[in-house]
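Comments concern the structure below.
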Number of protein chains: 2
Amino acid sequence: MDAVKHPKREKHDGPLNERLATSGFRFTPQRQHVYDVLLGDRNHPTAEEVFIRAKKGMADISIATVYNCLDALVKCDLVKQVNLDRDATRYCPNMTEHSHFYCDECGDIHDIALPATTQANLNLPRGFRVKQYEISLRGLCRDCAAKQ
Amino acid sequence: MDAVKHPKREKHDGPLNERLATSGFRFTPQRQHVYDVLLGDRNHPTAEEVFIRAKKGMADISIATVYNCLDALVKCDLVKQVNLDRDATRYCPNMTEHSHFYCDECGDIHDIALPATTQANLNLPRGFRVKQYEISLRGLCRDCAAKQ
DNA sequence: GTTAGACTTAGAACTATTCTAAGTATTGAC
DNA sequence: GTCAATACTTAGAATAGTTCTAAGTCTAAC
């Protein structure tokens, strides 16, 4: 392998650094950059799309590192994975409780706020202990519905 | 390729035949068999698992045919696909409206009836038109919760 | 300054699924 | 009935998204 120099890590005391540290990860410029990419264009990109955008500001970053960074961000609760069927996993930096609406027409994904009552309304059978739940919706988004 | 004889299709006027016909599919012994496998063991098998079970009663069936049959069954609304993250797609012959509970401990998937009020409670932003929605839950099933 | 271990990288490997091409069965027209 | 058109099945190749591997690089702790 070529001896590619990695960018120097600068001292960084932002929220990312803290979050990484408390989960046992190190701060790296790649992780910062990938997180910045997600925060910049909040349209639920795939790893591939993150990779393409990340290369603009960091030409030598590899797809393996993008996966590694995304994984670290997910593990320290800064990013959520979003799956629709078996399509490529998408990444979402919105950590408020919300569901996803997939538009069948334009393919966009919209964050939808969840009403506070949702969990209570699920009325599970006795004995089941829910740790996490997810609601996903499909149909036509506002713009596409208006065009029809 | 070897000249493998396919089993003869017998006249069949059951519900499967009708459903297939109205969606433009032909009745075949393989489709009947795959559907029977799903109805027999209702524990949300993957295509691979359906394949393994299907071979017991039809030794020459191929995985490609299992995928083809499952696809046909999904398209004529006899079977639902169930996805958890990016794991292999699972197949569910329960066509009543329900959600899925994934047990983190034992890995089993349980069908959970949905309260009638669910959709109304989602309170979408104006203009969005929902065609389909899905609720999935994770945690501990009754048995695993009791053991802890 | 050393050293252990975390991180990055390119490319190989993996897995679930779809595609391809050849053979087989069924349907509909005659 | 025979024949052609077409749907279906099959094995194996191909694909896509992701994870693994091995080598090199960097950082933190001593």
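A few notes on this one:
- Verdict on A:Asp71 being among the acidic types (Asp, Glu), within 16 Å of DNA strand C (Cβ to nearest atom), within 14 Å of chain B (Cβ to nearest Cβ) and under 13 Å from the mean Cα position of the chain (by Cα): yes
Residue by residue, here is whether (1) within 16 Å of DNA strand C (Cβ to nearest atom); (2) within 14 Å of chain A (Cβ to nearest Cβ); (3) of a type in the set (Ser, Thr, Tyr) holds:
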{"position": "B:Lys55", "(1), (2), (3)": "yes, no, no"}
{"position": "B:Asp87", "(1), (2), (3)": "yes, yes, no"}
{"position": "B:Leu114", "(1), (2), (3)": "no, yes, no"}
{"position": "B:Val130", "(1), (2), (3)": "no, yes, no"}
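- Residues of the stretch A:93-104 satisfying the condition of being more than 10 Å from chain B (Cβ to nearest Cβ) and in contact with a helix residue (DSSP H, G or I) (Cβ under 8 Å, 6 or more places away or on another chain): A:Pro93
- Test result for A:Glu134, acidic (Asp, Glu) and surrounded by 14 or more Cβ atoms within 10 Å (Cβ to Cβ): yes
- Which listed residue is within 8 Å of chain A (Cβ to nearest Cβ) and at positive phi, from B:Asn83, B:Asn123: B:Asn123
- Of all residues in the stretch B:58-79, none satisfies the criterion of being closer than 12 Å to B:Ala47 by Cβ and of a type in the set (Lys, Arg).
Bear in mind that the values in this text are calculations on the coordinates, not laboratory data. Owing to the predicted nature of the structure, the values given are computational and were not obtained by experimental measurement. Every residue, glycine among them, receives a Cβ derived from its backbone with ideal geometry; neighbour counts consider all protein chains shown.
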